[in-house]
Amino acid sequence: MTAVLENSAEPDATPEVGAVPSFDVTLRIRRFNPEASEAAAYWEEFTVTAYGTDRVLDAMHKIKWEVDGSLTFRRSCAHGICGSDAMRINGRNRLACKALLKDLDPSKPITIEPIKGLPVVKDLVVDMEPFFASYREIMPFLITSGNAPSAERLQSAEQRERYDDTTKCILCAACTSSCPVFWNDGQYFGPAAIVNAHRFIFDSRDEGAEQRLEILNDKEGVWRCRTVFNCTEACPRGIEVTKAIQEVKRAMITRAF
């Protein structure tokens, strides 16, 4: 099934100097409606007019607002911070708000489907509860003993730098849902949970490293990683995910953190 949005405006034979170029682009989107009689997934194509500065999210907004209001997807900030619009675009996990249409070869249909390894709720929306269950299990908060301090807990710039990279995680699930082990094993913690454990294990102010390492020492924990680097490639924040996982493995063995 193909839907086309026509541009009613007359083409300008002499575009203004500095005008942003426009072009037609086709999005081939994986659809799924659980309330449909057959409830089977299918592909649907939409062709819209876009501009050189548009992201995939802009084109999807145009489809939803002007062509088919039933198209369902998550988005919030639209600036690569909230992480809610993670999806598979041309076979790779990306944030729709960061992927420029002009960089995806708009002369060919751009395929869009939900991230893998999580149950599809509708169209591009997946059930994130299994993902967040693993995140909660690694206790993603500062663990300390004794009375509440009367001033802030200080640490040096060097101590902060030790775990700086893993503080960038926005919980988009792009890394976890790009992992083949996660696809085939619903019990695996996944890269994002391990990254967020890393953020606290190596925090000089935290006292819960031993507890987190014991949790990740489970048979479905850090040792299930096969070091294929899919997670690092998929991270929209540029976190060295595989490196962080290896550092957690090393801490598990040496108890040095």
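The values are calculated or read from the model by the stated rules, or taken from the named source; none is laboratory data. Values in this document were obtained by computation on a predicted structure and should not be read as measured data. FYI the Cβ positions are ideal-geometry reconstructions off the backbone, even for glycines, and counts take in every protein chain you see. Surface areas here come from the heavy atoms of the whole protein model, side chains and all, with no ligands, DNA or RNA. Shrake-Rupley method; radii C 1.70, N 1.55, O 1.52, S 1.80 Å.
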*If you check each cysteine of the chain for another cysteine whose beta-carbon is under 4.7 Å away, which ones come up empty?*
Cys97, Cys169, Cys172, Cys179, Cys225, Cys235
_Going by Cα centres, region 113-154 and region 192-218 are how many Å apart?_
13
*In debye, nearest 20, what is the charge dipole magnitude of the chain about its Cα centre with +1 on Lys and Arg Cβ and -1 on Asp and Glu Cβ, if you could check?*
840
*Please state the charge dipole magnitude for region 116-257, taken about the Cα centre, from unit charges on C-beta atoms (+1 on K and R, -1 on D and E), reported in debye and rounded to the nearest 20.*
200
*Projected onto the charge dipole of the chain (+1 at Lys/Arg Cβ, -1 at Asp/Glu Cβ, origin at the Cα centre), which of Phe141, Ala256, Ser107 gives the Cα projection farthest towards the positive end?*
Ala256
*With an 8 Å cut-off on Cα pairs and a minimum separation of 6 or more residues, tell me the relative contact order of the chain in percent.*
16
*Which chymotrypsin sites (Phe, Trp or Tyr not before Pro) in region 107-188 pass both tests, a DSSP loop state and at most 14 other beta-carbon atoms within 10 Å?*
Phe141
*Summing Lys, Arg as +1 and Asp, Glu as -1, what charge do residues with Cβ under 10 Å from the Cβ of Arg224 carry, Arg224 excluded?*
-1
*Surface accessible to a 1.4 Å probe, per residue, for the residues of region 22-126, Å²*: 47
*Past 24 Å, Cα to Cα, is the threshold; run Lys64/Lys108; Lys64/Lys122; Lys168/Lys219; Lys219/Lys243; Lys116/Lys168; Lys62/Lys122 against it and keep the listed order.*
Lys168/Lys219
*How much mean residue ellipticity at 222 nm does the chain get from its helices, if each DSSP H run of length 4 or more adds -39500 (n - 2.57) and you divide by all residues, to the nearest 500 deg cm²/dmol?*
-7500 deg cm²/dmol
*asked:* Can you tally the net charge around Met139? Count Lys and Arg as +1, Asp and Glu as -1, for every other residue whose Cβ sits under 13 Å from the Cβ of Met139.
replied: -3
_Rounded to the nearest 20 debye, dipole of region 22-126 from Cβ charges on Lys, Arg, Asp, Glu_ = 420
*Of the beta bridges DSSP finds with both residues in the chain, what % are antiparallel, to the nearest 5?*
75
*When Lys and Arg each count +1 and Asp and Glu each count -1, what net charge do the other residues less than 12 Å away from Met252, Cβ to Cβ, add up to?*
0
*asked:* Semi-axes of the equivalent ellipsoid for region 22-126, please: Cα gyration tensor eigenvalues, times 5, square-rooted, ordered largest first, whole Å.
replied: 21, 16, 12
*Projected area averaged over orientations for region 152-257, convex hull of C-alpha atoms, nm²*: 6.6
